[in-house]
Each structure stands twice: as structure tokens, then as C-alpha cells.
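Trainee: My structure is below; once you've seen it, I'll send some questions.
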Amino acid sequence: MLKVLVLVSGGGTNLQAILDSIADGRIKDAEVVGVISNNPNAYALKRAEAAGVPGRCISPKSFGTREEFNEKFLEAVDACQPDLIVLAGFLVVIPPAMTAKYRNRIINIHPSLIPSFCGTGYYGLKVHEAALERGVKVVGATVHFVDEGTDTGPIILQKAVEVRPGDTPEILQRRVMEQAEWKILPEAVDLIAHGRVSVTDGRAAVTEEDR
Ligand code: GRF
């Protein structure tokens with residue numbers, strides 16, 4: 001059974017997609033053992049509570065220095081003994097010590113087709129604003145492993161979503177979530193739970209299901 005720890009900062013719809021997928025069997029052989037938020041008011045913590053999953057908050061604002069926070073944050077993560085850490089809308093930079101310790105065991109969902117509209121400054125609505133500003137006709141989402149860079153790790157899954165005339169950043173954000181994020185994030189967790197994702201030379205590959 002793959003032990004999954006989910007890190008969140010906000011609404012937690014991606015967390016919910018994982019919890020629902022475990023409940024209805026789209027994700028097998030995995031359980032969410034904990035949820036950690038940097039934001040005490042994150043609705044995601046309520047979702048964790050409703051699902052009976054232990055949730056806790058650890059915020060950089062409660063510590064004098066970033067180093068102190070990073071140390072306590074890593075301790076909190078280690079305490080959950082996760083096999084996989086999922087960043088589901090988590091807005092805090094992962095400490096280098098955590099990236100190194102959990103190499104190819106931390107995944108992130110990003111609301112664009114990497115390498116478009118990603119990297120520093122591209123988060124939340126800003127991603128969709130930039131896509132509309134550029135006039136692209138196809139957007140989407142990416143699940144990738146987390147490395148030392150911002151949105152630079154090995155890509156596991158991507159799904160494209162159409163841009164439609166009249167889209168606003170909010171409308172596009174919602175469509176990307178519904179049609180891409182809430183599908184490929186649970187799918188990636190299921191693939192990892194079944195040992196079907198490997199990384200070679202910095203690139204991830206999904207192996208065929210055993211027949
Ligand atoms: C999602 O768009 C995700 O791709 C991004 O942050 C948002 C989080 O939404 N990284 P939620 O908290 O899962 O509802």
C-alpha cells in the first residue's frame with residue numbers, strides 16, 4: 001500500500017480528486033496518510049478532516065528564519081513516513097534537503113503544458129492570464145517529479161485542454177482543473193502505486209500494464 005502525503009495551500013480540489021479516486025477505486029493500493037498545509041485557513045484541511053485524514057499546519061510565518069522552518073517542515077514530513085509526496089497547489093518552495101531525500105518521490109501538478117507557462121511567477125491564475133495573453137489555442141496540465149528547479153523535473157503525464165473564444169482566466173482555470181488536473185493527478189498516483197513510473201537520465205517513462 002503506497003503511503004501518500006499531500007501538501008496543500010488552498011482550496012484542495014486536487015486533494016479531493018485523489019481522495020475521491022481512492023474511494024471509488026480509480027486509485028488502487030494507495031492511501032492518504034496525512035495532509036500538511038502552510039496556510040491555517042486552507043479549505044483543504046477541512047476536506048482532510050471530512051475524509052478522516054490527519055491534517056496539520058506548518059507555516060514559514062511561525063518561524064524566525066527560513067532554515068528553522070525548513071528543518072521543522074522536513075521533520076513533519078518525515079513523521080508521516082510517506083512513500084510519495086504530492087504537491088497539490090502547494091505554494092511553498094520545497095527545501096533542497098527534502099528534494100534530495102525524496103528524489104523521484106515528490107510529484108507536483110502544474111496547470112500548463114510544461115515547458116509553456118511555467119517556472120518562477122507562474123502559479124494560480126497568472127498561468128491562465130499568460131496563456132490568454134499569448135493567444136494559444138491549446139493549454140493543459142502537467143504532473144511531474146520535483147527537482148531543485150521550478151517546474152523542471154521529469155514529466156510523468158500531460159493532458160491538453162482547448163481554449164475557447166470568450167474564455168477568461170477564471171473560466172480557463174476551471175476547465176483545466178476539470179478536464180486535466182483532476183484526472184491526471186489521481187492517474188499518476190495510481191501509476192506510481194503500481195510501480196509503473198520510472199526515471200532514466202532525467203526523463204520519466206510510464207510502463208505498460210502487465211497483462
Ligand atoms: C491548481 O490549479 C494547481 O494546478 C495549482 O494550484 C491550484 C490548486 O488548486 N498548482 P486546489 O487547491 O487543488 O483546488
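The values are calculated or read from the model by the stated rules, or taken from the named source; none is laboratory data. Not measured: the values here are computed from a predicted model. With ideal geometry, Cβ positions are generated from the backbone for all residues, glycine too; neighbour counts draw on all protein chains shown. Note: accessible area is taken over every heavy atom of the protein model, side chains too, but ligands, DNA and RNA are not part of it. Shrake-Rupley method; radii C 1.70, N 1.55, O 1.52, S 1.80 Å.
Trainee: For LEU7, work out the one condition from (1) open to solvent by 50 Å² or more (accessible area, probe 1.4 Å); (2) within 14 Å of the ligand (Cβ to nearest atom) it doesn't fulfil.
Mentor: Just one mismatch for LEU7, condition (1).
Trainee: Sticking with this one: Among the residues of region 10-34, write down those that are more than 16 Å from the ligand (Cβ to nearest atom) and acidic (Asp, Glu).
Mentor: Within region 10-34, ASP24, ASP29, GLU31 meet the criteria.
Trainee: Would you confirm, using the coordinates I've provided, whether PRO111 is closer than 30 Å to PHE69 by Cα, open to solvent by less than 30 Å² (accessible area, probe 1.4 Å) and in contact with a strand residue (DSSP E or B) (Cβ under 9 Å, 6 or more places away or on another chain)?
Mentor: Yes, satisfied.
Trainee: I'm checking my understanding of the structure. Among residues of region 111-128 that are of a type in the set (Gly, Ala, Ser) and within 12 Å of the ligand (Cβ to nearest atom), which one is nearest to LEU91 (Cα to Cα)?
Mentor: Ranking the qualifying residues of region 111-128, first place goes to GLY124.
Trainee: Taking the conditions exactly as written (in contact (Cβ under 8 Å) with a residue 12 or more places away in the chain, open to solvent by 10 Å² or more (accessible area, probe 1.4 Å) and away from the ligand (no atom under 14 Å from the Cβ)), does LYS101 satisfy them or not?
Mentor: Yes; evaluated as a whole, the condition is true for this residue.
Trainee: Taking THR99 and the conditions (1) in a loop (DSSP other than H, G, I, E, B); (2) more than 30 Å from VAL163 (Cα to Cα), which numbered condition does it fall short on, given that it satisfies the others?
Mentor: Condition not satisfied by THR99: (1).
Trainee: Let me ask you something else. Any idea which of (1) within 16 Å of the ligand (Cβ to nearest atom); (2) within 23 Å of THR120 (Cβ to Cβ); (3) open to solvent by less than 40 Å² (accessible area, probe 1.4 Å); (4) of a type outside the set (Ser, Thr, Tyr) is the one PHE73 doesn't satisfy?
Mentor: All conditions pass for PHE73, except number (1).
Trainee: Also: Can you spot a residue in region 21-28 that is charged (D, E, K, R), under 17 Å from ILE107 (Cα atoms) and assigned to a loop (DSSP other than H, G, I, E, B)?
Mentor: No, the conditions are met nowhere in region 21-28.
Trainee: Identify all residues within region 40-54 that are surrounded by fewer than 19 Cβ atoms within 10 Å (Cβ to Cβ), in a helix (DSSP H, G or I) and more than 10 Å from the ligand (Cβ to nearest atom); write none if there are none.
Mentor: Passing the criteria: LYS46, GLU49, ALA50.
Trainee: Within region 55-70, restricting attention to residues that are buried (at least 17 other Cβ atoms within 10 Å of the Cβ) and within 18 Å of the chain's Cα centre (by Cα), which residue is farthest from GLU187 (Cα to Cα)?
Mentor: Going through the qualifying residues, I end up with ILE58.
Trainee: So is SER37 within 12 Å of the ligand (Cβ to nearest atom), surrounded by 24 or more Cβ atoms within 10 Å (Cβ to Cβ) and of a type in the set (S, T, N, Q) or not?
Mentor: yes
Trainee: Still on this structure, I have one more. Quick check: anything in region 135-154 over 20 Å from ALA204 (Cβ atoms) and free of Cβ contacts under 8 Å to residues at least 12 places away in the same chain?
Mentor: So far as region 135-154 goes, yes, one or more of its residues are over 20 Å from ALA204 (Cβ atoms) and free of Cβ contacts under 8 Å to residues at least 12 places away in the same chain.
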